[in-house]
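The structure appears right after this line, and notes come after that.
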Amino acid sequence: MRSKSLNEVLADKILCAESQLIVVNDPDSLLGEKVLEKLENSGYAVFNFLDPISFRYRYERDFRDKNPKKLVIVVSSDYNDPYNLPFDVLNKSIVLDFEVSTFFPKLSRTALLDLTPDEIAKLYKIMEEPRNELSTRETRELILKQLFDFDLSKKYSLIDFLSWLMKIHYSNIVIREEMAKFIYGKLKDNPELSEIPIKTLILSKDNFLAFLQERWPMFLKGKVAECVCEGSSIPLEYPGPYDIPFDHPDLKIYIDTFFAEGLLEPVPVNDPGRFEDSWISFGIDTEESECQRFRKLLEIVRKEMPSTDSNFKEWTSLAWRLAELSLHIYLSSASNEEREKFLELQKEIDKRFLGWVLRKFSSLLTLISRYPVTVQNVLPQVRKRYVEKKKVALIVVDGMSILQWLTLSKHLKEHRQISQRGILAFIPTLTSVSRKVIFSGRLPMYLGNVLSTSGEERLWKEAWSDIVRNSEIVYLNEPGKKLLKSVEESLRKNVRVLGIVIRELDEIMHGEILGIEGLISATKLWYNRGILKDLLKLLITNDYHVILTSDHGNVLARGIGKPSEGVAAESKGERVRIYKNESLRQTVHSKYPEAIAWKPIGLPENFFPLIAGGRTAFANFDEETVCHGGTTVDELIIPFVELWKG
């Protein structure tokens, strides 16, 4: 065990550098949330070098002869030569190299790059330095044992392996392709595991859950013959044994939680009373078991509720759980007591999340990660998939919250190859701001007028001009059936890069007068029209790797009155007003002291948001409205989903 964490070592190296300009060459993306936050708290300014033009604009505007702060310029793996920086800046700078091999000199770099920055930091803290240099194979064995609690010297039974998979996937740990191949190579001759698709179950949480789901009715049948209702059992899509002993202690400890969190779906049975006093009732589809699952999930969220010091991953996990709780509240006959407990929990979450956002949002915009963290990282991920797959489609469903995605995804079970996670929209959570960031991959400060969605097609095509011919890039923003026809036409023209906006859900949201219940019902009705289902089928059948995301979520807010401000506001939203200077904003803020005078992080000049506090809106007093623009979990954490042909 080392006395200092890797984050502390990295931060200390930067803090000890005696220069106003510090260039950090970080090809392996080691700079994590804690390092970036410590630098900002120590009075340093941090931003990424993405391209010379954007860098020059921001450097001249904010730093040259203007800002007394020390400036840390992070050069990531996409631009991994710090000498691409302008000469006048580089000439005044100290350059620090943070390659992973520097901190793990006896381990294989190839194996280490299978890990996330957080996992690398954890390994640095817990491992003892080996005496001799380790090969890639030996390094992978060490990583599996020390980091993922998987000992290749042990002979794994089916129970052992399934228990390990449950632990890994419940913790949202992603095992990379090369590591999964390595595990498969070690386990494929194990007779107890020979029937199951080892690599598939390791690589995909969704595939693993589907593997469990289709075996749950068979487990119930084994408990009580002919117990499961007709139609609740389907032929097995995933090979392996029919009978899984879910009641084994090493598996049972996860199963009730999987049902409570909506990871597994309960099934109907002919005589649910047989299981009334059993843990098995969590997986039975009855009104009482629905309440039982709600209570269990409420307990989990209370116990594991993130704090203002928590990391991004912990808050995105909370967002999915909160959406599951919301489904129970708005779709079932929740009791008054359940609603009160939910609203009490929601209030505490809002308080903590706002504190986290105020503390962390700025540094998260600088974070380079394997998977997207904010909407600014969506385009780089799409480009990465294009390099791998050669055909990609980005679908932005305007205004789709995680709650709405959960409603939709329950009808998309035919897509076996799918991964989903949460990312952050931009603040303020307005369509024009977040969507332009998505299609350009750049901060709003570089995008001119972000109060209008015009120019998205130009930004999208400019973002691809270096690697794709203009004739192979398309941007589509059209209604319903017309959109499908345009996509079909693009496919006939062999378009390789598709950018698609689906705007109906946002239009439904803004017209919704029945609250969240009405919004969920309207979302289901929209899905039943078949547009999304047909679009996904069309793209995936034609070998496109599809990335589906949103620009913001939504929230049910209560009116606190409309500011009387004439033409002072540039944008007069229900959740957020935009002002061209601080004095105009302050005038209105003084009348609404609970509102948030949001610091214009990454935003253009003369762009000062005033966000209604909590779950309130600048609307008629006490009027309820479904809207967006603010900083609640429901608005800010949005779904990021990838789908592809298996």
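The values are calculated or read from the model by the stated rules, or taken from the named source; none is laboratory data. These figures come from a predicted structure and were not determined experimentally. We place every Cβ from the backbone using ideal geometry, glycine too, and count neighbours over all the protein chains shown. All accessible areas refer to the heavy atoms of the entire protein, side chains included, with ligands and DNA or RNA removed. Shrake-Rupley method; radii C 1.70, N 1.55, O 1.52, S 1.80 Å.
Give the value in nm², to one decimal: projected area of the alpha carbon convex hull of the chain, averaged over all directions. Working shown, then result.
Details: hull surface 121.6 nm².
The orientation-averaged projected area of the Cα hull of the chain comes to 30.4 nm².
Inverting the mean 1/r over all pairs of different Cα atoms, compute the Kirkwood radius of region 84-221 and quote it in Å.
On the way: mean 1/r = 0.0578 Å⁻¹.
About 17.3 Å for region 84-221.
Please express the shape of region 146-230 as an equivalent ellipsoid: the semi-axes are the square roots of 5 times the eigenvalues of the C-alpha gyration tensor, given largest first in whole angstrom.
Ellipsoid semi-axes (Å, largest first): 26, 15, 11.
By the scheme Lys and Arg +1, Asp and Glu -1, what is the net charge of all other residues having a beta-carbon under 15 Å from that of residue 572?
Numbers: positive: 562, 575, 577, 580, 585, 591; negative: 565, 570, 574.
Here the count lands on +3.
For region 1-153, with equal point scatterers placed on the C-alpha atoms only and solvent neglected, what are the log10 I(q)/I(0) values from the Debye formula at q = 0.10, 0.14, 0.17, 0.20 1/Å, to two decimals?
-0.41, -0.73, -0.97, -1.21
Tell me, what is the percent relative contact order of region 314-432, built from C-alpha pairs under 8 Å that lie six or more residues apart? Before the final figure, lay out the partial values.
On the way: 47 pairs, mean separation 46.0, N = 119.
In percent, rounded to a whole number, it is 39.
List the DSSP H helices in the chain whose Cα atoms stretch 30 Å or more along the helix axis and whose mean Kyte-Doolittle hydropathy is at least -1.0.
Values: long enough: 336-364 (40 Å, -0.82).
In the chain, the long hydrophobic H runs are 336-364.
Show 510, 552 ordered by accessible area, largest first, where the area counts protein heavy atoms only and the probe is 1.4 Å.
In descending accessible area the options line up as 510, 552.
Which of the pairs 205/313; 410/493; 205/485 have their Cα atoms more than 22 Å apart in this structure? Could you put the intermediate results ahead of the total?
Values: 205/313 16 Å; 410/493 33 Å; 205/485 34 Å.
The answer is 410/493; 205/485.
Using C-alpha positions alone, give me the convex hull volume of region 347-431 per residue in cubic angstrom.
Details: hull volume 11.3 nm³, N = 85.
Roughly 133 Å³ of hull volume per residue.
Would you mind calculating the relative contact order of region 20-74 from Cα pairs under 8 angstrom and at least 6 residues apart, reporting the percent as a whole number? Please report the intermediate quantities before stating the final value.
Working: 45 pairs, mean separation 33.9, N = 55.
For region 20-74, the relative contact order is 62 percent.
Collect residues whose amide H, placed 1.01 Å from N in the peptide plane, falls under 5 Å from the amide H of residue 374; neighbours closer than 5 in sequence don't count.
Close amide H contacts, sequence-distant or interchain: 424.
Name the residues whose placed amide hydrogens come within less than 5 Å of the amide hydrogen of residue 475, ignoring near sequence neighbours (fewer than 5 apart) on the same chain.
For residue 475, the qualifying residues are 499.
Check the straight Cα-Cα distances from residue 155 and name the aspartates and glutamates below 20 Å, setting aside those fewer than 8 residues away within the same chain.
Straight-distance partners of residue 155: 138, 141, 189, 192, 195, 250.
Under a 1.4 angstrom probe, counting protein chains only, how are 131, 492 ranked by accessible area, largest first? Mind dumping the intermediate values first?
Working: 131 220, 492 160 Å².
Ranking 131, 492 by accessible area, largest first, yields 131, 492.
In whole Hz and in residue order, list the ³J(HN,Hα) couplings for region 390-401 that follow from phi through the Karplus curve 6.51 cos²θ - 1.76 cosθ + 1.60, θ = phi - 60°; x for Gly and Pro.
Each residue of region 390-401 in turn: 6, 9, 9, 9, 9, 10, 10, 8, 4, x, 7, 7 Hz.
Helix-only estimate, please: 222 nm mean residue ellipticity of the chain, summing -39500 (n - 2.57) across DSSP H runs of length 4 or more and dividing by its residues, to the nearest 500. Could you put the intermediate results ahead of the total?
Numbers: 27 runs with 285 residues, N = 646.
Value at 222 nm, helices only, nearest 500: -13000 deg cm²/dmol.
How large is the dipole of the chain about the Cα centre if only Lys and Arg carry +1 and Asp and Glu carry -1, each at its Cβ, rounded to the nearest 20 debye?
Working: 88 positive and 93 negative charges, 334 e Å.
Charge dipole, the chain, about its Cα centre: 1600 debye, nearest 20.
In terms of the ratio Rg/(2.2 N^0.38 Å) built on C-alpha atoms, what value belongs to region 220-341?
Details: Rg = 16.2 Å, N = 122, 2.2 N^0.38 = 13.7 Å.
In units of the globular-protein estimate, region 220-341 measures up at 1.18.
List the lysines whose alpha-carbon lies under 22 Å from that of residue 70, not counting same-chain residues fewer than 8 positions away?
Hits, sequence-local ones excluded: 13, 34, 38, 92, 360, 599.
Could you rank 88, 28 by how accessible they are, 1.4 Å probe, largest area first? Could the numbers behind the result be given before it?
Details: 88 50, 28 15 Å².
Greatest to least solvent exposure: 88, 28.
Keeping all protein chains in place, calculate the accessible area per residue for the chain (probe 1.4 angstrom), answer in Å². Kindly include the intermediate steps, with their values, before the conclusion.
Working: 27790 Å² over 646 residues.
The answer is 43 Å² per residue.
Please give the net charge around residue 440, taking every other residue with its beta carbon less than 14 angstrom from that of residue 440, where Lys and Arg add +1 and Asp and Glu add -1.
Values: positive: 383, 435, 436, 442, 458, 461; negative: 51, 456, 457, 462, 466, 551.
Its environment carries a net charge of 0.
Cα-based Rg of region 487-646 per 2.2 N^0.38 Å, rounded to two decimals? Before the final figure, lay out each step's value.
Numbers: Rg = 19.4 Å, N = 160, 2.2 N^0.38 = 15.1 Å.
That ratio works out to 1.28.
Below 12 angstrom from the Cβ of residue 299, what's the summed charge of the other residues (Lys, Arg +1; Asp, Glu -1)? Don't skip to the end; give the middle numbers.
On the way: positive: 293, 295, 296, 302, 303, 321, 341; negative: 256, 261, 304.
My count for the surroundings of residue 299 gives +4.
What is the percent carbon and sulfur in the accessible area of the chain, measuring with a 1.4 Å probe over the protein chains and ignoring ligands?
Numbers: 13420 of 27790 Å².
That share works out to 48 percent.
Please say if region 437-524 is rounded, prolate or oblate, where rounded means a/c under 1.5 for a ≥ b ≥ c the square roots of the C-alpha gyration tensor eigenvalues, and otherwise the choice is prolate for a/b larger than b/c and oblate otherwise?
Values: a/c = 3.24, a/b = 1.44, b/c = 2.26.
Because a/c hits 1.5 or more and a/b fails to exceed b/c, region 437-524 counts as oblate.
Can you list residues whose amide H is under 5 Å from residue 616's amide H, if they're 5+ apart or on another chain and H is modeled 1.01 Å from N?
So residue 616 has HN proximity to 558.
Convert each backbone phi in region 609-621 into a coupling constant with the Karplus relation 6.51 cos²θ - 1.76 cosθ + 1.60 (shift: θ = phi - 60°), then list the ³J(HN,Hα) values in order as whole Hz, x for Gly and Pro.
Using θ = phi - 60°, the values come out as x, 10, 9, 4, x, x, 10, 10, 9, 7, 9, 3, 3 Hz.
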